[in-house]
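The values are calculated or read from the model by the stated rules, or taken from the named source; none is laboratory data. From a predicted model like this one, the values you see are computed outputs, not experimental measurements. Reconstructed Cβ throughout: ideal geometry from the backbone, glycine too, with neighbour counts over all protein chains shown.
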Amino acid sequence: MKKFNLLILVALLLSIAVVPVLAQDEVTELRITWYDDGNEGAVLRDLLDQFEAENTDIRVVMDTVAYNVVLEQLPIQVEAGEAPDMGRITDLPRMAGQYLDLRPYIEDPAYWEENFPADVFNSLRAGADDEGIYGFPTQFTVTGPFINRTLFEQAGIEVPSDTSDAVTWEEWTEVAVQVAEATGTEFAIAMDRSGHRFAGPAISQGAIYFDEDGEVVIDTEGFRDMADILISWHADAITPAEVWVGAGGSYAAAADFFINGQLVVYMAGSWQVARFSNDIADAFDWEAVPNPSGPGGSTGMPGGAALVAFETEAGAANPERYAAVGRVMDFLAREDIQREFAARTLFIPGHLNLGEVPYETDLPAAQQALATFTAEIPKFDTQAYLLQYSPIVFAINNPVRDRLTQVITGELTLDQAIERIEQDVADAIAAEGA
């Protein structure tokens, strides 16, 4: 009898030992390709930890990479059949047709359609007949300048936007140079190496990117005026050459120069608020100012990133994997999670119905910047929206960035650069239609 009981005990212990192994085998591991502007990766990880605690059968791994990797390498991986389950992207139309339609895997598609911008959904779709839901915006962004107010105070020079609602780019350039010279600051003014960052100022100068028939337009007086201003910054050595000249053909930001107190005026946008709150804090007085004015008005560019799901071989072979992706996306799209994400990252939310976000900052500079960027949204020009949500937005912005760089380095004249941009865009449109 004792021997029989001993055998039962051994069998019971063995069965208990096997349970964790079996449970572990049943966990679905998903992967997200992610990039950071500020602290949003850490916030997302916290939220995913909360999800995993509530959903013990799913584990989500974040692969955090540089933004250039998302922009340049992720589309190649997706095309090669090596897509992650999810990814944070900014070139929304580029991989249309390769995203996973979440409609069958989320609980309430109507909630998504009511609470996220239709423009984002349409940018991810493959055509007019496509009604899929492929992801949601992680944030809404607004481009605009930052200033180092401390430098203005040290120079004894008034901040132009304190007394005028219509400061031009020429005026900002002139006063920034004065402040830099008076304080011994290395650089006066800078703009990220980005066609998107250039577009708002160009439109303010009177540029249009699309005519009444929807055809792309590059060669306008406004475009040339803003290009001349950017080129002059480099010719006069008042901007860090490393940003536009030393970036090796890709996007580059001037944020480090501003953070280090080497820059008076910096054209960037709302996504930098969290980073500046952490990396500058109150080391000097920084703030956002309204977008400069010109013949085309005063406009920044809308923008943002989206978290999307991809079709994968693993998901196609096992629909339960797609169901797991849907559960993760549903969780992250929830109103309470969206509110927490926006509050902790200091992002303007992509969710349309959160109301006033309780941003988790006591830093006056961050509060001021968020309020300033939010106030810029109603000022967006129609051309800004047309460009941002065009399926060929990167086919325009990237050649603008690269060809203007060639003018700055002396490889092309502005006339030649404009001709090349027009040809680059035409080639991209033809290739898309091929």
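Six or more apart or on different chains, Cβ under 8 Å: which pairs go from a residue in segment 329-344 that's within 17 Å of Gly87 (Cα to Cα) and outside the structural domain of Phe276 (by TED's automatic domain parsing) to one that's β-branched (Val, Ile, Thr) and not in a helix (DSSP H, G or I)? Could you list them?
Met329/Ile106; Asp330/Ile106; Ala333/Ile106; Phe341/Thr138
Yes/no per residue for (1) within 19 Å of the chain's Cα centre (by Cα); (2) charged (D, E, K, R); (3) outside the structural domain of Val60 (by TED's automatic domain parsing):
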residue: Ser250; (1), (2), (3): yes, no, yes
residue: Asp256; (1), (2), (3): yes, yes, yes
residue: Ser277; (1), (2), (3): yes, no, yes
residue: Pro292; (1), (2), (3): no, no, yes
residue: Ala309; (1), (2), (3): yes, no, no
residue: Tyr322; (1), (2), (3): no, no, no
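Rundown of residues vs (1) under 17 Å from Phe51 (Cβ atoms); (2) surrounded by fewer than 18 Cβ atoms within 10 Å (Cβ to Cβ); (3) of a type in the set (S, T, N, Q), yes/no style:
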position: Ala314; (1), (2), (3): no, yes, no
position: Ala317; (1), (2), (3): no, yes, no
position: Glu335; (1), (2), (3): yes, yes, no
position: Phe341; (1), (2), (3): yes, no, no
position: Leu346; (1), (2), (3): no, no, no
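I need a count of the residues in segment 290-311 that are in contact with a Leu (Cβ under 8 Å, 6 or more places away or on another chain), assigned to a loop (DSSP other than H, G, I, E, B) and more than 15 Å from Trp271 (Cα to Cα). Break it down into steps so the answer makes sense when it comes.
The initial filter retains those residues of segment 290-311 that are in contact with a Leu (Cβ under 8 Å, 6 or more places away or on another chain), namely 301, 306-311.
Then keep just the ones that are assigned to a loop (DSSP other than H, G, I, E, B); that gives 301, 311.
Subsequent filtering for residues that are more than 15 Å from Trp271 (Cα to Cα) retains 311.
Summing the residues that are in contact with a Leu (Cβ under 8 Å, 6 or more places away or on another chain), assigned to a loop (DSSP other than H, G, I, E, B) and more than 15 Å from Trp271 (Cα to Cα) in segment 290-311 gives 1.
Determine which member of the set Asp37, Asp25, Asp108 is out of contact with any His (no Cβ under 9 Å at 6 or more places or on another chain) and modelled with pLDDT of 95 or more. Let's see the steps before the verdict.
Numbers: Asp37 fails: modelled with pLDDT of 95 or more; Asp25 fails: modelled with pLDDT of 95 or more.
One residue alone meets the criteria, Asp108.
Go through Asp219, Asp236 for me and flag whichever is out of contact with any Ser or Thr (no Cβ under 8 Å at 6 or more places or on another chain), charged (D, E, K, R), surrounded by fewer than 21 Cβ atoms within 10 Å (Cβ to Cβ) and under 24 Å from Tyr389 (Cβ atoms).
On the way: Asp236 fails: under 24 Å from Tyr389 (Cβ atoms).
Asp219 is the lone residue from the list that is out of contact with any Ser or Thr (no Cβ under 8 Å at 6 or more places or on another chain), charged (D, E, K, R), surrounded by fewer than 21 Cβ atoms within 10 Å (Cβ to Cβ) and under 24 Å from Tyr389 (Cβ atoms).
Could you identify the single residue in Phe121, Phe140, Phe136 that is free of Cβ contacts under 8 Å to residues at least 40 places away in the same chain, crowded, with 19+ Cβ neighbours inside 10 Å, on the phi < 0 side of the Ramachandran plot and not in a loop (DSSP other than H, G, I, E, B)?
Exactly one of Phe121, Phe140, Phe136 is free of Cβ contacts under 8 Å to residues at least 40 places away in the same chain, crowded, with 19+ Cβ neighbours inside 10 Å, on the phi < 0 side of the Ramachandran plot and not in a loop (DSSP other than H, G, I, E, B), namely Phe121.
Provide a single number: the residues in segment 271-289 that are among the hydroxyl-bearing types (Ser, Thr, Tyr) and part of a strand (DSSP E or B).
Keep residues of segment 271-289 that are among the hydroxyl-bearing types (Ser, Thr, Tyr), which gives 277.
Narrowing further to those that are part of a strand (DSSP E or B): none.
Residues flagged as among the hydroxyl-bearing types (Ser, Thr, Tyr) and part of a strand (DSSP E or B) within segment 271-289 amount to 0.
Of the residues that sit in segment 354-378 and are under 13 Å from Ala274 (Cα atoms) and small (Gly, Ala, Ser), which one is surrounded by the fewest Cβ atoms within 10 Å (Cβ to Cβ)?
Out of the qualifying residues, it is Ala365.
Please enumerate the residues belonging to segment 360-395 that are more than 19 Å from the chain's Cα centre (by Cα) and among the hydroxyl-bearing types (Ser, Thr, Tyr).
Residues satisfying the conditions are Thr361, Thr382.
Residues in segment 70-107 that are hydroxyl-bearing (Ser, Thr, Tyr) and either over 18 Å from Asp119 (Cβ atoms) or outside the structural domain of Leu44 (by TED's automatic domain parsing) (or both): how many?
The initial filter retains those residues of segment 70-107 that are hydroxyl-bearing (Ser, Thr, Tyr), namely 90, 99, 105.
Of the ones still in play, those that are also either over 18 Å from Asp119 (Cβ atoms) or outside the structural domain of Leu44 (by TED's automatic domain parsing) (or both) are 105.
Number of matching residues: 1.
Using beta carbons and a limit of 8 Å, which pairs, at least six apart or on different chains, have the first residue in segment 240-252 and under 14 Å from Tyr67 (Cβ atoms) and the second one at pLDDT below 85?
The qualifying pairs are Ala252/Gly246.
Checking the condition loosely packed, with under 15 Cβ neighbours inside 10 Å, among the acidic types (Asp, Glu), within 25 Å of Trp271 (Cα to Cα) and out of contact with any His (no Cβ under 8 Å at 6 or more places or on another chain), which residue from Glu174, Glu181, Glu242, Glu158 passes?
Working: Glu174 fails: within 25 Å of Trp271 (Cα to Cα); Glu181 fails: within 25 Å of Trp271 (Cα to Cα); Glu158 fails: within 25 Å of Trp271 (Cα to Cα).
Of Glu174, Glu181, Glu242, Glu158, the one residue that is loosely packed, with under 15 Cβ neighbours inside 10 Å, among the acidic types (Asp, Glu), within 25 Å of Trp271 (Cα to Cα) and out of contact with any His (no Cβ under 8 Å at 6 or more places or on another chain) is Glu242.
Return the residues of segment 63-105 that are assigned to a strand (DSSP E or B), crowded, with 16+ Cβ neighbours inside 10 Å and not charged (D, E, K, R); say none if nothing qualifies. Please lay out each step first, then the result.
Of all residues in segment 63-105, those assigned to a strand (DSSP E or B) come to 63-64, 86-89, 99.
From what is left, the residues that are crowded, with 16+ Cβ neighbours inside 10 Å are 86-89, 99.
The answer is Met86, Gly87, Ile89, Tyr99.
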